[in-house]
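The values are calculated or read from the model by the stated rules, or taken from the named source; none is laboratory data. Everything quoted here is computed from the prediction, not taken from an experiment. A quick note on method: Cβ atoms are made from the backbone with ideal geometry, for glycine too, and the neighbour counts reach across all protein chains shown. The protein model used for the area step is the full one, side chains on, heavy atoms only, and it has no ligands, DNA or RNA in it. Shrake-Rupley method; radii C 1.70, N 1.55, O 1.52, S 1.80 Å.
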Amino acid sequence: MKNKLIVTIFGATGDLALRKLLPALSNLITDKEFASDVKVLAVGRRDFMNEDYFAFVTKQHSFSGNLKVLKPYLDYVNVNLTEVESFESLATKITEESQGFARVKKIFYFAVGPNLFADIALGLSRYNIATKDSDDDVLAFEKPFGLNFKDAQDINEIVTKYFSEKQIYRVDHYLGKEMIQNLLTLRFANIKYSSLWSKEYIDEVKIIVSEDEGILKRGAYYDQVGVLSDMVQSHLLQIVALVAMKTPASLNSKDIKKTKLDVLKNIKIDEKSTVLGQYQSYLTESGVKKNSKTPTLAFLKLVVNNGLFDGVPIYVYTGKKLAKKEAYIEIIFKKPATHTLFDDEVYPNTLRIYLAPEAKIVHTLNGKQPGYEQLIEQTAFEYCYTCVFPNNVKEAYEKLFLEMILTHKSLFPDWEEIMYAWKIIAQVPRTKLVIYEDGYSLE
């Protein structure tokens, strides 16, 4: 008998489902990445039939998937997430889809705000749609996991009442990006970097995530969270942990999480260097409160006192409505002690790892300018991952879905990582907002 995979998406009419989740699933189906029969259940509160939902998806400019590919696998299920009795229809549908299969793997993706996490967990448990401790039932929670530390604690207590930690996958899609995964290989599979990756040789680190778009149509949600919860608490602190962690005992998820935790437990924020900002047109966005003080930009200086990176400043800079879309990690090495041999200026070597818009690595070295004099110039060596593998760099959510199917958890933060990340965010002083022009350049 065959196996079956059922992917249930809560919040199926929302931006995340349309922009990322459904397109990722259509790509995986096209690439024949699923070894079992597949059914995708789109769950929403709108009273749609299948054709109504297909028509709705077609009209959405944010949808970039292949609906023609998805249609044979996709059904819409109407559920009011705040009414537990409403989950009976979902239970019936999943039971029908499971008939005749030897094994059914179920992924429940919570593409909704954290205020609905507990309601969905209750509904899944009440109707035995998902069973506690089952290896075949996966619950994927989109970030942010809560709106603050207390909220995250409350949600975690409720969710773990119904389901075990091994079933819970807290999604941070940055960890699914190819170059973030490549960071471990770059660091630990190359003596050139592994031998220099410490406070003795690194002068400073910059982590930049610049977005040219605003909050799109997410005003009501974004105004509750802001840039610190939306970006820093999740994506950027995860990157900091991967950059500053010591060598793990193995690539096993438990060993990697242990070394990441060692970083998160030892991060200190330089309060005097903190800058929070808000783009000029933010208050005109739909769903935003009239006098909102929600920051859309953050500049933070932090240090990691874990022995390996003691005293090395790590600058984190992220914001919306900036001049361009760009994301990268830059390692700036110290100048060589022998730089006095040269009359001309010696530049620090740098390693820049681009996450977007292209996946690439740029390393700068000092070289001699052509001519009779001993003049130095910076020379850049570039390796464009996207260019070399134009069709093989997969979208982050595709990788994350496959990891959930295989029950691999190394790309998903556990509760302790989430907890310490929230404690770090609590250290950030809420300074007076700097209002910046739409399209402001970080350079």
Task: Residues of the stretch 408-429 classified as of a type outside the set (D, E), at pLDDT 90 or above and open to solvent by 50 Å² or more (accessible area, probe 1.4 Å), total - done: 4
Task: Among the residues listed as D75, D15, the single one being more than 25 Å from D133 (Cβ to Cβ), touching an Asp or Glu at 6+ places or on another chain (Cβ under 9 Å) and either surrounded by 13 or more Cβ atoms within 10 Å (Cβ to Cβ) or modelled with pLDDT under 95 (or both) - done: D75
Open item on the list: Going residue by residue through the stretch 393-404, is there one that turns out to be hydroxyl-bearing (S, T, Y) and free of Cβ contacts under 8 Å to residues at least 24 places away in the same chain?
Closed with: no
- [ ] Quick one: which strands (runs of 3 or more DSSP E) lie wholly within the stretch 295-402 and hold at least 2 residues that are at negative phi, open to solvent by less than 50 Å² (accessible area, probe 1.4 Å) and touching a Phe, Trp or Tyr at 6+ places or on another chain (Cβ under 8 Å)?
- [x] 297-304, 314-319, 326-333, 350-356, 360-368
Task: Of the criteria (1) closer than 30 Å to E345 by Cβ; (2) out of contact with any Asp or Glu (no Cβ under 6 Å at 6 or more places or on another chain), which one Q369 fails - done: (2)
Open item on the list: Condition first: part of a helix (DSSP H, G or I) and surrounded by 15 or more Cβ atoms within 10 Å (Cβ to Cβ). Now tell me which residues in the stretch 90-104 satisfy that.
Closed with: L90, A91, K93, I94, E97
Open item on the list: Anything in the stretch 105-120 that is open to solvent by 10 Å² or more (accessible area, probe 1.4 Å) and among the β-branched types (V, I, T)? List them, or say none.
Closed with: V112
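This table checks each residue for (1) modelled with pLDDT of 95 or more; (2) closer than 25 Å to A421 by Cβ; (3) among the hydrophobic types (A, V, I, L, M, F, W, C).
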position	(1), (2), (3)
T274	yes, yes, no
L283	yes, no, yes
K290	no, no, no
L300	yes, yes, yes
V303	yes, yes, yes
N306	yes, yes, no
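Let's see how each residue does on (1) assigned to a helix (DSSP H, G or I); (2) touching a Gly at 6+ places or on another chain (Cβ under 6 Å); (3) under 18 Å from R126 (Cα atoms); (4) of a type outside the set (F, W, Y):
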| site | (1), (2), (3), (4) |
| --- | --- |
| I29 | yes, no, no, yes |
| V40 | no, no, no, yes |
| E51 | yes, no, no, yes |
| A55 | yes, no, no, yes |
| T58 | yes, no, no, yes |
| S64 | no, no, no, yes |
| E85 | yes, no, yes, yes |
| F108 | no, no, yes, no |
Task: Residue satisfying all of: in the stretch 240-273; in a loop (DSSP other than H, G, I, E, B) and either of a type in the set (A, V, I, L, M) or closer than 18 Å to L322 by Cβ (or both); farthest from the chain's Cα centre (by Cα) among these - done: A249
